[in-house]
1. Out of the residues in the stretch B:1-22 that are among the aliphatic types (A, V, I, L, M) and away from every other protein chain (no Cβ under 13 Å), which is nearest to ligand 2 (Cβ to nearest atom)?
2. Of all residues in the stretch A:106-130, count the ones that are open to solvent by less than 10 Å² (accessible area, probe 1.4 Å) and more than 14 Å from chain B (Cβ to nearest Cβ).
3. Could you go through the stretch A:212-234 and let me know if any residue there is in contact with a strand residue (DSSP E or B) (Cβ under 9 Å, 6 or more places away or on another chain) and surrounded by 23 or more Cβ atoms within 10 Å (Cβ to Cβ).
4. Testing residue A:180 on (1) touching a residue at least 24 places away in the same chain (Cβ under 8 Å); (2) more than 23 Å from the chain's Cα centre (by Cα); (3) surrounded by fewer than 18 Cβ atoms within 10 Å (Cβ to Cβ), one condition comes back false. Which one is that?
5. Against the condition within 16 Å of ligand 1 (Cβ to nearest atom), within 14 Å of chain B (Cβ to nearest Cβ) and open to solvent by less than 10 Å² (accessible area, probe 1.4 Å), how does residue A:343 come out, does it pass?
6. Taking residue B:53 and the conditions (1) modelled with pLDDT under 90; (2) under 15 Å from residue A:107 (Cβ atoms); (3) not basic (Lys, Arg), which numbered condition does it fall short on, given that it satisfies the others?
7. So residue A:274 ticks every box in (1) over 30 Å from residue A:156 (Cα atoms); (2) in contact (Cβ under 8 Å) with a residue 12 or more places away in the chain but one. Which box is left unticked?
8. Just checking, which of A:20, A:41, A:24, A:60 is open to solvent by 30 Å² or more (accessible area, probe 1.4 Å), at pLDDT 90 or above and assigned to a loop (DSSP other than H, G, I, E, B)?
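The values are calculated or read from the model by the stated rules, or taken from the named source; none is laboratory data. In this text the structure is predicted, and so the values were computed from the model without any measurement. Positions of Cβ are backbone-derived with ideal geometry, glycine not excepted, and every protein chain shown enters the neighbour counts. Just the protein is used for accessible areas: all its heavy atoms, side chains included, with ligands, DNA and RNA removed. Shrake-Rupley method; radii C 1.70, N 1.55, O 1.52, S 1.80 Å.
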Amino acid sequence: MTEATTHPVTLPLTRVHPFDPPEDLALWREEDPIRPLAYPDGHQGWLVTGYAAARAILADPRFSTRIDLLHTPIAQRDAQFRSTVRRPGFFLRMDPPDHTRYRRLLTGQFTVRRMKQLEPRIEEITRDHLDAMERAGGPIDLVRAFALPIPSLVICELLGVPYDDREKFQRDSSVLLSLDSTLEQVEAAMQDLLDYLGDLVRHKRAEPEDDLVSGLAADTDLTDEELTGITTLLLIAGHETTANMLGLGTYALLRNPAQLAAVRDDPEVVEHAVEELLRYLTVVHIGPVRAALEDVEIDGRLIRAGETVTISVAAANRDPERFSEPDQLDVARPASGHLTFGHGIHQCLGQQLARTEMRIAYPALLRRFPGLRLAVPAEEVPMRTDMVVYGVHRLPVTW
Amino acid sequence: MRIIADTGRCIGAGMCVLALGEVFDQSEDDGTVVLLDAEPPASMAGAVRRAVQLCPSGALSIAETSGGDQDAAGGVKGNGD
Ligand code: HEM
Ligand code: SF4
């Protein structure tokens, strides 16, 4: 086994091309798929860019997601990191058996079958938003009119959060997910959201309705604090991610007209197209991040107990050893096996919901507006390099 | 081939159901895996292997029964761990 020989690098975020991960990641993946990474706080850890190593580490119980063990790979993310330290119910940042307990309470609500049952309602929500766009006429910001409201409304209805309060939680979650927010801003936004959802949880306990939060309140022994944490996690995770896939995915299709036509005209392609867009765009562009609980040897590299590993799934999803011509968007390829939803026990709880939303929303949009096109030059589309979830800030379109 | 499902490890991600709904289902209660057909016909071997490969938690494995296909010595572990 070899000690770290290559010099440590820092994690890049700047992109040359809006759809491709920062260029250095591809070089490093070729040279050394597990390489030393210098963390902004002085920690010496690792960066994983190869598919096989990424998948192995994400599935390995010797790596932890506990926030108190992790170093953040980019300085700006420190505030977000610290704001979620040990909150009850934030099982994304817990190891088994705590993680198992929470996740088990929720998986029954997110099965493939449950998500199928939501299809008619998601279709209706999509139709309503397309109608509203048609009435308003172009040019319009697709993020505001379509990409953000559809997943927001879906997760609100599922959880039982009043959609009329969306300005509040959309604002809070964008502060939480902005890399430019200060620790004070992040903590204030988190507190605001916890206060709001804490009230909601108490209300649902008193007057249950037919929704997930009421169900959990009635059927489990979760405390109000835990239930508030879970609801906060689901609300944030449930709308920002899918929203960015819808916005960025549409932008990518607009830049690749032949691929767009395939998604619009061939219902058979849609399922593959969603997986391929997930792979190609990898909106969770930083991490996931893990810490070794003991010394682990992988591919001749010794990762010592306590060292942080940043697993760039964005780079792993472009690994030519796993995907042929990885830098090409090819909506007809079977792209399953991508790591966009993570891997291992934390693999995205909401992935079947996200898939259902995307499978409905992309083709519906493209069929309603066959002439859909950018309303500004491509260079003017503002990219979310400054956010935890990558995407477009705005997507001005017309038809 | 015989599929072995460890519901203790399953995290209910549903990847198996998505990949091969004829063989895998999820429980209504806690979303963990339910085998609809624990010994699928040899014609499904490739699809079963792909589904087992996709499982994120290592909850699925395959035991080759006698007379099964030759390419799996002993048994296939699903996960990369
Ligand atoms: C395209 C959309 C989405 C993407 C790309 C995505 C991505 C991810 C990733 C990469 C993880 C794993 C993080 C890690 O291992 O550290 C994750 C976990 C999670 N996601 Fe998603 N997600 C999406 C949609 C959703 C939706 C719609 C929901 C809510 C209903 C959701 C809820 C969660 C939760 C609760 C976890 C934590 C799971 C655990 O720790 O066991 N996600 N997601
Ligand atoms: S893919 Fe694995 S973790 Fe997911 S439901 Fe099937 S057995 Fe469980």
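1. B:5
2. Residues in the stretch A:106-130 being open to solvent by less than 10 Å² (accessible area, probe 1.4 Å) and more than 14 Å from chain B (Cβ to nearest Cβ): 4 in total.
3. Within the stretch A:212-234, not a single residue is in contact with a strand residue (DSSP E or B) (Cβ under 9 Å, 6 or more places away or on another chain) and surrounded by 23 or more Cβ atoms within 10 Å (Cβ to Cβ).
4. With respect to (1) touching a residue at least 24 places away in the same chain (Cβ under 8 Å); (2) more than 23 Å from the chain's Cα centre (by Cα); (3) surrounded by fewer than 18 Cβ atoms within 10 Å (Cβ to Cβ), residue A:180 is out only on (2).
5. On the way: within 16 Å of ligand 1 (Cβ to nearest atom): yes; within 14 Å of chain B (Cβ to nearest Cβ): yes; open to solvent by less than 10 Å² (accessible area, probe 1.4 Å): yes.
Considered against the rule, which asks whether it is within 16 Å of ligand 1 (Cβ to nearest atom), within 14 Å of chain B (Cβ to nearest Cβ) and open to solvent by less than 10 Å² (accessible area, probe 1.4 Å), residue A:343 comes out as yes.
6. Among (1) modelled with pLDDT under 90; (2) under 15 Å from residue A:107 (Cβ atoms); (3) not basic (Lys, Arg), residue B:53 violates only (2).
7. Among (1) over 30 Å from residue A:156 (Cα atoms); (2) in contact (Cβ under 8 Å) with a residue 12 or more places away in the chain, the lone unmet condition for residue A:274 is (1).
8. On the way: A:41 fails: at pLDDT 90 or above; A:24 fails: assigned to a loop (DSSP other than H, G, I, E, B); A:60 fails: open to solvent by 30 Å² or more (accessible area, probe 1.4 Å).
Of A:20, A:41, A:24, A:60, the one residue that is open to solvent by 30 Å² or more (accessible area, probe 1.4 Å), at pLDDT 90 or above and assigned to a loop (DSSP other than H, G, I, E, B) is A:20.
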